[in-house]
Amino acid sequence: MLKINSERLWHTLMDLAKIGATEKGGVRRLTLSDEDRRGRDQFVAWCRQAGLAVEVDGIGNIFGRRAGTDADALPVAVGSHLDSQPSGGKFDGAYGVMAGLEIVRALNDAGVKTRAPLEVVSWTNEEGSRFVPTLMGSGVYAGVFSLDKILEEKDVDGISVREALNQTGYAGKAKPHKLGAYFEAHIEQGPVLEQTKTTIGVVQGALGQRWFDVAITGQDSHAGPTPMETRKDALLAASRLVLEVNRIGTGFPDYARGTVGFMQVKPNSRNVVPGEVQMTVDLRNAKDGTLSAMTSELKKKILEIEKETRTAIAAREVVYFPPSEFTPDLVASVREGSKAFGYTHRDMVSGAAHDAVYMARIAPTAMVFVPCEGGISHNEIENARAEDLAAGCNVLLHAVLARAGTA
Ligand code: HGY
Ligand code: MN
Ligand code: MN
């Protein structure tokens, strides 16, 4: 059976990881930052070296196209994202894009022509860390977000997506084009595969998510003379909300998750009772009804905390998507590929969102997971084994060929 070149995949990933490399061995390629631009430039150069025709669309999504024998057939795409968390890892997103590139390189080496064209894709702003919403580029491509509206979104420094995109030179002109199928390889970013000594995760779908930007307004006051019972302490309110989000994440069924990952305190001075806090809430669940129940609980607790702390709490929903399911016959081809190569495999649900979530709304879609060390991700120490990354890429190759057909 045709296989990919494991060494080349590993070295390509390590070369890419040099762009935006951090001290502790991770990467920092925030969306549309200069590091992201350099990562994009490197990917485009590798695409061209592999003979791909490169197109960029209006939100900066990059498409590297390999012609098939049937020019009218809809392309089969393989992709993920090159942007990272502020202190992210070498493999989150990068693995899926480089796996697509490696599949093209392996087909070039073997002189194999596919019937349908292939496309290797890098989506803009999957992470949603610098700009919300998350899954921004794939969301615009899938028609979930309007490009004009998204271009006006701003980061915490007030820089818009439009400005940042223009600064990187990746505000493309390519018109949207249909894809016949979409595959994505990704590290699991959780502990299941490693703990069960399984090589391949056959991903059934992903948790639904609701993200909120929360603004808490109290009153700056002096830490000494201000009596405890009259304070309007925004940080006290925020602290109670953090505890409630954790209680909601642990108290609900169906893979419930509750996280506060971002907080800004003003004026952030040791002897001033804080009058203002900006924070985020990230709720997830495998069932949409349970996700709604978690959200109602959150809103109820916000009202209670406002009263108890004499503050005003405004929660604005910035991301919502229901739990998603991937396409059964493509998921089956991932399972078959695992069997064909003799890899251990198991069905699973993704706790993280991926661009495949929005792609599944407009094209047959499937994902392949591989283990990561200790299940750790969104962390500079993120690590994966070359043989597992190669196994996932071999399964992807098999599933892509099954879908695209060979000439
Ligand atoms: O947060 C997520 O689910 C993804 O890693 N952006
Ligand atoms: Mn990712
Ligand atoms: Mn991520």
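The values are calculated or read from the model by the stated rules, or taken from the named source; none is laboratory data. Fair warning: this is a prediction, and the values are worked out from it, not measured in the lab. Reconstructed Cβ throughout: ideal geometry from the backbone, glycine too, with neighbour counts over all protein chains shown. Surface accessibility is based on the protein's heavy atoms, side chains included, excluding ligands, DNA and RNA. Shrake-Rupley method; radii C 1.70, N 1.55, O 1.52, S 1.80 Å.
Structure data summary
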{"quantity": "Cα long-axis angle, helix 6-17 against the chain (0 to 90 degrees, to the nearest 10)", "calculated": "40 degrees"}
{"quantity": "Gain in span if fully extended, ARG270 to GLU304, counting 0.36 nm per residue against the direct Cα distance", "calculated": "9.6 nm"}
{"quantity": "Among the listed pairs LYS24/LYS149; LYS18/LYS154; LYS18/LYS113, those beyond 30 Å (Cα-Cα)", "calculated": "LYS24/LYS149; LYS18/LYS113"}
{"quantity": "Cβ-placed point charges (K, R +1; D, E -1), dipole of region 1-123 about Cα centre in debye, nearest 20", "calculated": "260 debye"}
{"quantity": "Residue-count net charge about GLY169 - beta-carbon cut-off 15 Å; Lys, Arg +1, Asp, Glu -1", "calculated": "-2"}
{"quantity": "Neighbourhood net charge (10 Å Cβ-Cβ; Lys/Arg +1, Asp/Glu -1) for VAL281", "calculated": "-3"}
{"quantity": "Estimated distance in nm for a label pair at ILE381 and THR217, the labels positioned 7 Å out from Cα along Cα-to-Cβ", "calculated": "4.2 nm"}
{"quantity": "Percentage relative contact order, the chain, counting C-alpha pairs under 8 Å, at least six apart", "calculated": "23 percent"}
{"quantity": "Counting DSSP beta bridges with both ends in the chain, the antiparallel % (nearest 5)", "calculated": "70 percent"}
{"quantity": "Sparsely packed GluC sites (Glu not before Pro) within region 1-105, loop by DSSP, other Cβ within 10 Å at most 11", "calculated": "GLU23"}
{"quantity": "Choice from SER146, SER129, SER333 showing the highest fluctuation, given a GNM over the chain with Cα pairs closer than 10 Å", "calculated": "SER146"}
{"quantity": "Lysine pair count for region 281-405 [Cα-Cα under 30 Å; pairs on different chains or 8 or more apart]", "calculated": "5"}
{"quantity": "Taking only Cα atoms of region 209-321, radius of gyration then Dmax in Å", "calculated": "14.8, 49"}
{"quantity": "Translational D in µm²/s for the chain (Stokes-Einstein at 4 °C, 1.567 mPa s, Kirkwood Rh from C-alpha pairs)", "calculated": "59 µm²/s"}
{"quantity": "Accessible-area value, ARG335, 1.4 Å probe, nucleic acids and ligands omitted, Å²", "calculated": "60 Å²"}
{"quantity": "Residues whose placed amide H lies under 5 Å from that of ALA185, excluding near-sequence neighbours", "calculated": "GLY79, VAL368"}
{"quantity": "Protection proxy ranking, peptides 79-88, 307-316, 385-394, average beta carbon neighbours within 10 Å, highest first", "calculated": "79-88, 385-394, 307-316"}
{"quantity": "Eligible aspartates and glutamates near LYS197 by straight Cα distance, threshold 12 Å, same-chain separation 8 or greater", "calculated": "GLU373, ASP388"}
